[in-house]
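**Student:** Take a look at this one; I'll ask things after.
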Amino acid sequence: MLIDEEKLRAYYSQAPEDISLTDVDLARIPRHVSIIMDGNGRWAQARGLDRSEGHVAGVDSLREAVTTSVRLGVDVFSVYAFSTENWRRPQHEVDLLMHLFATTLLNELPLFHQENVKLRFFGDLVALPEETRDVFQEGLDETADHTGMTFALAVNYGSRAEITKAAREIAELVVSGDLTPEDVDEGVFADHLYTAGLPDPELLIRTSGEQRLSNYLLWQLAYTEFFVTDTYWPDFTRWDYLRAIRDFQGRHRRFGGVVSK
Ligand code: IPE
Ligand code: IPE
Ligand code: MG
């Protein structure tokens with residue numbers, strides 16, 4: 001994506017001591033950045049608040065991260081918001097999250113219009129409450145013509161479920177004679193994932209210090225660089241985002257070869 005450098009500089013004024021915009025190479029911004037937004041509950045508990053307050057505070061971080069992604073010229077920005085395993089949480093927390101997804105998305109539609117952001121979802125939306133599903137559909141419809149950054153929200157997403165779904169769809173195509181087993185290659189398989197048509201993430205950020213994938217994008221993260229920060233998601237700012245990119249740009253990605261670039 002094209003970067004509006006004037007806007008970007010204004011957005012990144014008042015730098016803290018350890019990082020500034022000049023620490024990153026704007027010509028090498030990762031095309032796809034993905035974040036496992038974690039630590040909302042611990043953020044709230046540390047303040048003597050209810051976990052739900054952490055989720056509410058996390059919405060502000062997400063809004064900032066979307067804006068940061070746009071300003072930095074990221075092509076695809078994706079976030080893990082609710083896993084297929086998160087249904088195991090107390091019902092009131094699940095209900096709150098589902099309601100929060102719906103209200104947040106509605107509230108942010110003007111931002112998506114203003115920034116030309118195209119919305120997308122990873123996950124099985126059929127299982128979501130009607131309110132959430134309807135708002136998600138509205139978001140898809142309203143941003144369908146946008147040509148700027150793609151913002152993907154992973155909700156009721158699980159990588160194993162996704163891969164199983166792809167295998168089932170491909171099996172059906174083979175049974176119906178539309179594909180032969182020999183046709184099934186990595187490209188065909190990738191076309192049956194929620195991420196079809198998108199580049200794989202180059203940078204995956206996980207907040208709150210956890211060093212695991214929690215069933216997120218197992219296929220797509222094959223060669224992704226990881227950045228784990230101890231910062232809880234509600235405290236994650238544009239500066240943490242910049243620190244992650246600086247770190248990413250200092251890595252040598254080899255993709256199994258020996259030449260580093
Ligand atoms: C991440 O924060 C948000 C979701 C998974 C929906 P958590 O709710 O997992 O927060 P912690 O990990 O309990 O602190
Ligand atoms: C991963 O966080 C899922 C999301 C951020 C949506 P969790 O908090 O659910 O992951 P675990 O349980 O610590 O692995
Ligand atoms: Mg968590």
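**Student:** Just to be sure, is residue 71 more than 22 Å from residue 136 (Cα to Cα) and within 15 Å of ligand 3 (Cβ to nearest atom)?
**Tutor:** Answer is no for this residue.
**Student:** For residue 14, all conditions in the list (1) within 15 Å of ligand 3 (Cβ to nearest atom); (2) among the polar types (S, T, N, Q); (3) modelled with pLDDT under 95 hold save one; what is the number of the exception?
**Tutor:** (1)
**Student:** Here is a further query. Restrict the check to segment 71-79 and report whether at least one residue is open to solvent by 30 Å² or more (accessible area, probe 1.4 Å), at pLDDT 95 or above and assigned to a helix (DSSP H, G or I).
**Tutor:** The answer is yes; a qualifying residue exists.
**Student:** Restricting attention to segment 94-113, which residues are surrounded by 17 or more Cβ atoms within 10 Å (Cβ to Cβ) and within 13 Å of ligand 1 (Cβ to nearest atom)?
**Tutor:** 96, 97, 98, 100, 101, 104, listed by residue number.
**Student:** From 200, 183, which residue is over 13 Å from the mean Cα position of the chain (by Cα) and at pLDDT 95 or above?
**Tutor:** Just a single option satisfies the conditions, and that option is 183.
**Student:** If you don't mind, another one. If you check every pair at least six apart or on different chains, which have Cβ atoms under 6 Å apart with a residue in segment 184-203 that is among the polar types (S, T, N, Q) first and a residue that is assigned to a loop (DSSP other than H, G, I, E, B) second?
**Tutor:** 195/220
**Student:** Follow-up question, since we're still on this one. Is it fair to say residue 6 is away from ligand 3 (no atom under 16 Å from the Cβ), free of Cβ contacts under 8 Å to residues at least 40 places away in the same chain and in a loop (DSSP other than H, G, I, E, B)?
**Tutor:** When the stated conditions are applied, residue 6 does not pass them.
**Student:** To continue, here is another question. Can you pull out the residues in segment 44-70 that are more than 22 Å from residue 99 (Cα to Cα) and open to solvent by less than 40 Å² (accessible area, probe 1.4 Å)?
**Tutor:** So in segment 44-70, the residues more than 22 Å from residue 99 (Cα to Cα) come out as 46-48, 67-70.
Within segment 44-70, 67, 68, 69, 70 meet the criteria.
**Student:** Considering only segment 22-70, state which residues are more than 24 Å from residue 202 (Cα to Cα), away from ligand 2 (no atom under 15 Å from the Cβ) and of a type in the set (Gly, Ala, Ser).
**Tutor:** Answer for segment 22-70, where residues must be more than 24 Å from residue 202 (Cα to Cα), away from ligand 2 (no atom under 15 Å from the Cβ) and of a type in the set (Gly, Ala, Ser): 46, 48.
**Student:** Considering 240, 230, 247, which residue is within 16 Å of ligand 1 (Cβ to nearest atom), more than 22 Å from residue 168 (Cβ to Cβ) and assigned to a helix (DSSP H, G or I)?
**Tutor:** 240
**Student:** Just to be sure I understand, how many residues within segment 170-186 are loosely packed, with under 13 Cβ neighbours inside 10 Å and either outside any helix (DSSP H, G or I) or not hydrophobic (A, V, I, L, M, F, W, C) (or both)?
**Tutor:** 10
**Student:** Sticking with this one: Hey, among the residues in segment 122-157 that are out of contact with any helix residue (DSSP H, G or I) (no Cβ under 6 Å at 6 or more places or on another chain) and farther than 24 Å from residue 69 by Cα, which one's surrounded by the most Cβ atoms within 10 Å (Cβ to Cβ)?
**Tutor:** It comes out as 128.
**Student:** Scan segment 205-235 residue by residue and report those that are more than 10 Å from ligand 3 (Cβ to nearest atom), on the phi < 0 side of the Ramachandran plot and of a type in the set (A, V, I, L, M, F, W, C).
**Tutor:** Selection gives 205, 213, 218, 219, 221, 222, 226, 227, 228.
**Student:** Considering segment 203-240 alone, what residues qualify as being buried (at least 16 other Cβ atoms within 10 Å of the Cβ) and among the acidic types (Asp, Glu)?
**Tutor:** 225, 235, 240
**Student:** For residue 253, which of the numbered conditions (1) surrounded by 13 or more Cβ atoms within 10 Å (Cβ to Cβ); (2) over 22 Å from residue 154 (Cβ atoms); (3) in contact with a Phe, Trp or Tyr (Cβ under 8 Å, 6 or more places away or on another chain) fails to hold?
**Tutor:** (1)
The values are calculated or read from the model by the stated rules, or taken from the named source; none is laboratory data. Note that the structure is a prediction, hence the values are computed from the model and not measured. So basically every Cβ, Gly included, is an ideal-geometry build from the backbone, and we count neighbours across all protein chains shown. Just so you know, the surface numbers come from the protein's heavy atoms only, side chains and all, with ligands and any DNA or RNA stripped out. Shrake-Rupley method; radii C 1.70, N 1.55, O 1.52, S 1.80 Å.
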